[in-house]
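A.B. asks: Take this structure, written in structure tokens, and hold onto it; I'll ask about it next.
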Amino acid sequence: MRFLPVLVAVVWLAACTDRSSFVLVPDAVDVGTPRTVFAASARAREADGSYGYRRADRLQFLELTVSIPPTHTPGSLNLSYGRPDPETQFVLAGQEVFASPEPLRQRLLNDQREHGSALREVTLFVHGYNATQNETAFRAAQLANDIEIPGSLMIYSWPSRARAFGYAYDLDSMLFARDGLEQTIRQLKASGAERIVLVAHSMGAALSMEMMRQAEIREPGWSDRMLEGVVLISPDLDVDVFRTQMDRIGTVPQPFVVMVSRKDPALNISARLRGTAESRRLGNIDSIDRIADYPVDVIDTTAFSGDAASRHFVAATSPALVTLLSSAPAMGEAFGPEETSFDFLIPGGVEVSGRAKEIILARPGENR
């Protein structure tokens, strides 16, 4: 029984940690590798310049500079909420708040020139439950760096409570943030982005699907016109709800990827909270038969959950999987203008059911 007091103490300490603390270290760019992360925030700005859990009356656009430490290894995200060390930790080195959306266009163009991008590409990352704005910027920068995602990087920061017991608040905030996400995509298009790839994690996937559904009701075909591709990572989303959302989207953006893991404890808990006996969400389905009506590529990352720092975010925190993704010759072109096949990822096998295809990953040298 000694385990219970220890568990309670750990949860209590985690709940008391001020994860939204705002620490700028401008000199970090001289130590680490700077990465520009644009942000559209639906969070209210606090007096100290931070963006916490309160919901904002209007969307705010920012430019963040994240310093990636020289000691960084693929799949890791080392950070501090007190005194960050740029030698070993991800650090926020700069934050510029745009007075209006107009400066975003020029900064995006400059960012494209700095990266030598042939196309005006933007990857838009939407975080999940229990996340702060800075954590989201760090995670997006880490993922883009490790997998070498081309073009510009932007996060949509919706007002998560960023507390272990804030699930109900986050559910409401997710619904609150639908209009802001749609507005963000429209603003990116207006700013000259030719190709937008939407990447969403966990509850952020539910937000993204709700946003696309509402946009389709108003403008049929909106999702396919506005988005070059969609990637849902460990989506915390009921499968039946997902089906109704997909039914509303007439022409599904391609590629449309769902990354799943059958060993995702967070999704098991989410399902049980909802009284789902089989404890399955879209992000941990064990069969693609229920979504066979839709043109979806399901990538099963279960084999890589063992070495992942987070089994709820295997794609970003498994060093072995990150290495596989970054070394795949086709990864840089995975979201290119041509029709995409993800067969280059297979070491494990492929299953096809209707219009859906599942790619089961296995570690190199291992059989499924």
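A.B. asks: Please state which one of A271, A215 is small (G, A, S) and either closer than 24 Å to A309 by Cβ or at pLDDT below 95 (or both).
C.D. replies: Sole residue among the options that is small (G, A, S) and either closer than 24 Å to A309 by Cβ or at pLDDT below 95 (or both): A271.
A.B. asks: I've got another one for you. Hey, does the stretch 295-309 have a residue that's in contact with a strand residue (DSSP E or B) (Cβ under 9 Å, 6 or more places away or on another chain), of a type in the set (F, W, Y) and on the phi < 0 side of the Ramachandran plot?
C.D. replies: No.
A.B. asks: Still on this structure: Quick test for you: out of R83, R54, pick the one residue that is in contact with an Asp or Glu (Cβ under 9 Å, 6 or more places away or on another chain), more than 21 Å from A144 (Cβ to Cβ) and among the charged types (D, E, K, R). Don't jump to the end; show me each part of the working.
C.D. replies: Details: R83 fails: in contact with an Asp or Glu (Cβ under 9 Å, 6 or more places away or on another chain).
From the options R83, R54, the qualifying one is R54.
A.B. asks: Residue by residue through the stretch 53-70, note down the ones that are free of Cβ contacts under 8 Å to residues at least 60 places away in the same chain and either of a type in the set (G, A, S) or not in a strand (DSSP E or B) (or both).
C.D. replies: Keep residues of the stretch 53-70 that are free of Cβ contacts under 8 Å to residues at least 60 places away in the same chain, which gives 57-58, 60, 62-63, 65, 67, 69-70.
Selection gives S67, P69, P70.
A.B. asks: For S191, state whether it is touching a helix residue (DSSP H, G or I) at 6+ places or on another chain (Cβ under 6 Å) and touching a residue at least 24 places away in the same chain (Cβ under 8 Å).
C.D. replies: Numbers: touching a helix residue (DSSP H, G or I) at 6+ places or on another chain (Cβ under 6 Å): yes; touching a residue at least 24 places away in the same chain (Cβ under 8 Å): yes.
Judged against the criteria, S191 is a match.
A.B. asks: When you go through (1) touching a Lys or Arg at 6+ places or on another chain (Cβ under 9 Å); (2) closer than 24 Å to I249 by Cα one by one for L109, which number turns out not to apply?
C.D. replies: Of (1) touching a Lys or Arg at 6+ places or on another chain (Cβ under 9 Å); (2) closer than 24 Å to I249 by Cα, only one is false for L109: (2).
A.B. asks: If I filter the stretch 231-243 for residues that are surrounded by 15 or more Cβ atoms within 10 Å (Cβ to Cβ), of a type in the set (S, T, N, Q) and closer than 23 Å to F38 by Cβ, do I get at least one hit?
C.D. replies: No, every residue in the stretch 231-243 fails to be surrounded by 15 or more Cβ atoms within 10 Å (Cβ to Cβ), of a type in the set (S, T, N, Q) and closer than 23 Å to F38 by Cβ.
The values are calculated or read from the model by the stated rules, or taken from the named source; none is laboratory data. As the structure is a computational prediction, the values presented were derived from the model and not from experiment. Backbone-built Cβ (ideal geometry, glycine too); neighbour counts: all protein chains shown.
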